[in-house]
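Here's the structure, in structure tokens; my notes come after.
The values are calculated or read from the model by the stated rules, or taken from the named source; none is laboratory data. Everything numeric here is computed off the predicted structure, so don't read it as measured data. Virtual Cβ from ideal backbone geometry, glycine too; neighbours counted across all protein chains shown.
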Amino acid sequence: MSSFVWGPVMLVLLLGTGLYLTLGLRLLPVRKLGYGFRLMLGGRKVVEGHEGEITPFQALTTALSATIGTGNIAGVATAIYLGGPGAVFWMWLTALVGMATKYAEAVLAVRYRETDETGRYVGGPMYYIRNGLGGRWAWLGWVFAFFATIAAFGIGNTVQANSVAKALEGSFGVPTLATGLVLAVLTFLVIVGGVRRIGSVAEHLVPLMAILYVAGALIILGANYSAVPAALGMIFTDAFTGTAAAGGFTGAAVVAAIQFGVARGVFSNEAGLGSAPIAHAAAKTNDPVRQGCVAMLGTFIDTIIVCTMTALVIIITGAWTSGETGAELSALAFETGLPGGHWIVSLGLVVFAFTTVLGWSYYGERAAQFIFGPRIKMPFRVIWVLALVVGAIGNLGLIWTIADIMNAMMAIPNLIALIALSGTVFAISRAYFQANKD
């Protein structure tokens with residue numbers, strides 16, 4: 001089933017939608033990248049009169065908390081193991097066009113957001129489908145919410161808990177059950193405070209850990225700077241020839257590099273899934289385009305920066321031919337390149353996974369609330385923390401496969417909505433930049 005849903009149709013739909021939006025926006029994500037960073041830095045402050053729940057910067061870090069996770073460490077390693085170094089090229093391509101996808105998602109999320117029964121701002125694909133496409137398409141919003149609720153327990157819960165548990169067991173001998181229980185308790189203490197507490201935790205943890213992780217990778221790359229050009233060359237070459245570490249090094253078809261590169265790329269940056277706009281809809285802003293420019297940075301930071309660091313370390317150290325996969329492969333690569341480097345991976349995995357669990361708890365809760373109403377909040381939070389324990393002691397291969405399937409199923413209605421509402425995104429964007437000559 002995973003092979004079917006991530007077959008040619010899904011790859012064309014994901015990349016095609018991103019390319020269509022990129023061209024329709026006249027390469028806006030690339031042209032306005034610097035403008036987006038300026039907005040991000042200024043978004044730490046609340047502008048008087050702007051309505052929402054959290055600052056634009058907190059919205060970005062909350063979205064990043066859900067994207068910078070095991071996909072950047074275990075996901076990149078798995079993609080290289082199964083699809084070869086060439087899979088990284090397809091991750092890059094997914095990210096470049098995914099910036100336009102993420103931009104459009106956030107624009108629509110803010111444009112069509114609502115306030116719920118408690119006065120909180122809510123939004124995301126289920127809302128811009130219902131409010132943007134009209135009542136006849138409300139069922140499609142329900143379909144997205146249904147799959148998003150289930151997908152949250154894969155990509156944002158059990159996969160994260162499993163990767164953390166395996167990493168701590170392998171590095172420090174911590175029992176997987178103990179890891180699951182501690183993770184569950186810490187998660188509940190944060191998510192019980194809602195999006196405001198999640199945003200507050202994310203804006204401090206995410207930048208700190210991302211900087212430390214990238215710094216560790218840069219030290220390794222700096223010590224092996226002469227090997228970096230060859231590693232980059234291998235990524236570009238193998239993207240069209242196919243070489244995988246799996247299967248006795250007999251080589252893999254190019255389709256494997258494409259399939260695992262795109263699948264792991266989407267798993268990492270979530271462009272097209274429709275998850276990030278749920279966080280951006282809560283931002284304190286009165287302009288959809290401004291939040292869209294901040295949102296698109298999430299894809300750039302996650303895949304072009306963090307995932308690339310992981311991939312280059314794995315390739316230049318030669319660890320990708322070791323037979324290891326997942327987080328173990330990343331840990332081996334960092335340890336090979338820097339004595340004690342496995343500590344960077346272990347600490348990064350724990351913090352990244354924890355923040356991902358926090359971010360996705362909000363996504364899943366909002367999706368469930370769209371279906372069941374506000375009364376589902378506390379039951380959902382209880383089930384969420386219990387699932388962390390199950391994920392910690394589960395089977396990694398099965399959990400990754402289920403996560404891939406659920407990602408695809410929630411992406412389909414979101415991508416349909418993005419294409420149908422693309423005219424609105426283009427019109428809003430043109431009007432904004434004609435009025436603001438930044």
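Here are some notes:
- Flag for G373 being farther than 17 Å from N162 by Cα, surrounded by fewer than 19 Cβ atoms within 10 Å (Cβ to Cβ), small (G, A, S) and modelled with pLDDT of 85 or more: yes
- Test: residue in segment 72-84 that is of a type in the set (G, A, S), in a loop (DSSP other than H, G, I, E, B) and surrounded by 24 or more Cβ atoms within 10 Å (Cβ to Cβ): yes
- All positions within segment 9-31 that are of a type in the set (K, R) and in a loop (DSSP other than H, G, I, E, B): R26
- Some residue of segment 178-199 being touching an Asp or Glu at 6+ places or on another chain (Cβ under 7 Å) and either closer than 15 Å to G69 by Cβ or surrounded by 19 or more Cβ atoms within 10 Å (Cβ to Cβ) (or both): yes
- Among the residues making up segment 186-226, those that are β-branched (V, I, T) and touching a residue at least 24 places away in the same chain (Cβ under 8 Å) are T187, V190, I191, V192, V195, I198, V201, V206, V214, I219, I220.
- Matching residues in segment 110-140 - criterion: being under 21 Å from the mean Cα position of the chain (by Cα), buried (at least 24 other Cβ atoms within 10 Å of the Cβ) and under 20 Å from F372 (Cα atoms): G123, G124, P125, M126, Y127, Y128
- Where a residue in segment 335-353 is outside any helix (DSSP H, G or I) and its partner, wherever it lies, is among the hydrophobic types (A, V, I, L, M, F, W, C), with Cβ under 7 Å and at least six apart: L338/I219; L338/I220
- Looking only at residues of segment 13-62 that are β-branched (V, I, T) and at pLDDT 85 or above, we find that the one that is surrounded by the fewest Cβ atoms within 10 Å (Cβ to Cβ) is V30.
- Checked against the criterion of being hydrophobic (A, V, I, L, M, F, W, C), at pLDDT 85 or above and in a helix (DSSP H, G or I), segment 238-246 has no qualifying residue.
- V390 being more than 20 Å from T62 (Cβ to Cβ) and part of a helix (DSSP H, G or I): yes
- Residue match in segment 313-323 (condition: part of a helix (DSSP H, G or I), closer than 30 Å to A145 by Cα and modelled with pLDDT of 85 or more): no
For (1) in contact (Cβ under 8 Å) with a residue 12 or more places away in the chain; (2) charged (D, E, K, R); (3) within 30 Å of D287 (Cβ to Cβ), each residue gets a yes or a no:
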| residue | (1), (2), (3) |
| --- | --- |
| T356 | yes, no, yes |
| G364 | yes, no, yes |
| A367 | yes, no, yes |
| W384 | yes, no, no |
| L388 | yes, no, no |
| G394 | yes, no, no |
| G397 | no, no, no |
| M406 | yes, no, no |
| I419 | yes, no, yes |
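Let's see how each residue does on (1) within 18 Å of the chain's Cα centre (by Cα); (2) among the small types (G, A, S); (3) in a helix (DSSP H, G or I); (4) under 30 Å from Y103 (Cβ atoms):
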site: A327; (1), (2), (3), (4): yes, yes, yes, no
site: S330; (1), (2), (3), (4): no, yes, yes, yes
site: Y362; (1), (2), (3), (4): yes, no, yes, yes
site: M410; (1), (2), (3), (4): yes, no, yes, yes
site: I419; (1), (2), (3), (4): no, no, yes, yes
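- Residue in segment 182-199 that is more than 22 Å from W343 (Cα to Cα) and assigned to a loop (DSSP other than H, G, I, E, B) present: yes
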